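Asker: Here's a structure for you.
Every number here is computed from the coordinates shown, using simple stated rules; none is lab data. Small disclaimer: the values here were computed from a predicted structure and weren't measured. Methodologically, a virtual Cβ is constructed for each residue, glycine included, from the backbone with ideal geometry; neighbour enumeration extends over all protein chains shown.
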Amino acid sequence: MAELQSKKKRLRGFPATFARRLDGLSEYENFKEFSKNLSIKLLLNPTDAKLAVLLNVEKGNLSVDGISNDNPENLKKKLLGWNGRMTTDIRTFMDYAAGKIGLGLLFKKILTRKVKVKGLLYFVLLEKLFTLTVENNEIQEPKLIRNINIKKSLIYSRLFFFTGFLHVVILILSIGIKNLVFTSLLFGFFAIWLGSMLSKLVKANVIAERPILISATTLTFLNIMTYATIILGGVAENRIYINYLILITIGLDIICFIFFFITKSRLENMDRDEKLNYFSIVIIRGLGIGLLFNLVGWIIPPNTNLIMIIFILIFGTLNMIYGSKLLFKADDLRIQIESLIALISGLIFAILIFVLVVPDPKSFVNILLFSLVIPIRLYYIERNFKKN
């Protein structure tokens, strides 16, 4: 039977230290708003202490319990009902919660077995709680509360996850069609992976703290464009049932794309210019990923084409780089100009390749996307850097 320190006055050791860091948080309005639909339990099991912490966030309420960790049976998921469990030393727990340890360093510690974790994504909630504590202790001006409709967001994240299995079905049915097999394999893997992560972050109401919405929006956009190209190019040959499945997948991706885009816009409180900027960045990132996805098709004989390989490597990489830079360094005029030059160069070479080398549907789609995003970038620069 687990030994719980259920009353705050009885907390001691690590649970007492942890509780003091979150003291009074339940009384703050921004915590109540943030957690009103949450039901999450985290188990923090220190290797250098005799008591573990069970943190429970339950619909606007927060509690910290101490549990004896001398017997592994005390910490079983079936007994405590935790969503995430982490085992490491106390210092690592506190540094991670305080933001001193990023995901990169945390993954390194996981790989070297200095940290053992189950349900890692739920621990983003821990960072959020400490952020709320700092805001309420040191805040000078009220901050905008960014929240989501958790039930609605879970529906769309699971719908996105479900599209991954449609990709797997398309993969099985398209065996023998090389390009379609490769495409459905990649999209299936990423849709299932991202959909699973998105669902967990939605449950913890922390998708605003991670760039996963950007990745999900980009992937759905890329899948829409890629599968549309496949249908237009007749890649599925005479297997009409594959085309029907692809059309269903495109429809679901359009629904998910719209929801993800709107959700990100609302979380960031974007105005019209910022929405256009974000939309163009999604296209740029989608172009970069799409080009690099297609690289394999031009490497494998008999379709090997050195010009296409060079074009894909250069502009696929540039789009990926500037897609990230435009997202995180939007105020840097130099990056704005550099990215615009890269996009215009990409459009020129895409047209030359379509006319002189490979006049296929994918090249034509690339031309359309470059042509769409360049005016948006010009407009954004003119509107936001006019004084410079």
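Asker: Considering every pair of different Cα atoms, what Kirkwood radius, in Å, is found for region 148-269?
Answerer: 14.6
Asker: To continue, here is another question. For the modelled label position 7 Å from the Cα of Leu292 along Cα-to-Cβ, which residues of region 305-319 have backbone nitrogen atoms closer than 12 Å?
Answerer: 313-319
Asker: Then there's this: State the answer as a single residue: which of Leu343, Pro72, Asn319 lies farthest towards the positive end of the charge dipole of the chain, with beta carbon charges of +1 for Lys and Arg and -1 for Asp and Glu, about the Cα centre.
Answerer: Toward the positive end, the furthest listed residue is Pro72.
Asker: While we're on this one: Report, please, the projected area of region 258-320 averaged over directions, based on the convex hull of its C-alpha atoms, in nm².
Answerer: Details: hull surface 20.2 nm².
Mean projected area for region 258-320: 5.1 nm², to one decimal.
Asker: Could I ask something else about it? Students often get this wrong, so check it: of Lys41/Lys78; Lys36/Lys203; Lys32/Lys100; Lys203/Lys264; Lys152/Lys329, which have C-alpha atoms separated by over 21 Å? Please list the in-between numbers first.
Answerer: Working: Lys41/Lys78 12 Å; Lys36/Lys203 12 Å; Lys32/Lys100 26 Å; Lys203/Lys264 16 Å; Lys152/Lys329 31 Å.
Where the Cα-Cα span goes over 21 Å, the pairs concerned are Lys32/Lys100; Lys152/Lys329.
Asker: Another question, if that's okay. So if I take the alpha carbon set of region 4-138, get Rg, then get Rh from the Kirkwood formula, what is the Rg over Rh ratio? Intermediate values should be presented prior to the final figure.
Answerer: Working: Rg = 14.1 Å, Rh = 15.0 Å.
Radius of gyration relative to Kirkwood radius: 0.94.
Asker: Oh, and also: Can you give me the orientation-averaged projected area of the convex hull built on the Cα atoms of the chain, in nm²? Present the calculation step by step, with values, prior to reporting the outcome.
Answerer: Details: hull surface 90.1 nm².
The number I arrive at for the chain is 22.5 nm².
Asker: Same structure again: Are there DSSP H segments in the chain that both extend 20 Å or more along their axis (alpha-carbon positions) and score a mean Kyte-Doolittle hydropathy of at least 1.0? List them, or say none. Mind dumping the intermediate values first?
Answerer: Working: long enough: 124-138 (21 Å, 0.24); 150-173 (35 Å, 1.55); 178-203 (38 Å, 1.18); 212-232 (30 Å, 1.76); 240-267 (41 Å, 1.74); 272-293 (31 Å, 0.74); 306-328 (33 Å, 2.05); 333-356 (34 Å, 2.26); 361-384 (35 Å, 0.68).
Length and hydropathy pass: 150-173, 178-203, 212-232, 240-267, 306-328, 333-356.
Asker: What is the dipole size for the chain, taken about its Cα centre, with +1 at each Lys and Arg Cβ and -1 at each Asp and Glu Cβ, in debye to the nearest 20?
Answerer: On the way: 48 positive and 28 negative charges, 232 e Å.
The calculation lands at about 1120 debye.
Asker: Just subtract the alpha-carbon distance of Arg266 and Arg91 from 0.36 nm times their residue separation and send over the number in nm, one decimal. Write out the running numbers ahead of the final one.
Answerer: On the way: separation 175, 0.36 × 175 = 63.00 nm, distance 3.60 nm.
Here the segment from Arg266 to Arg91 would lengthen by 59.4 nm.
Asker: Not counting the cut sites, what is the longest span of the chain without trypsin sites (Lys or Arg not before Pro) that DSSP labels loop and that have at most 14 other Cβ atoms within 10 Å? Numbers along the way, then the final one.
Answerer: On the way: sites that count: Lys7, Arg12, Lys36, Lys50, Lys59, Lys76, Lys100, Arg113, Lys114, Lys143, Lys329, Lys386, Lys387.
Longest site-free region, per DSSP loop and neighbour criteria: 144-328.
Asker: Whole Å is fine, so just give me how far the alpha carbon centre of region 24-59 lies from that of region 88-119.
Answerer: Measuring centre to centre over Cα atoms gives 18 Å.
Asker: Something else: For region 274-388, what value does the Rg/Rh ratio take when both radii are computed over Cα atoms and Rh is the Kirkwood radius, given to two decimals?
Answerer: Ratio of gyration radius to Kirkwood radius: 1.01.
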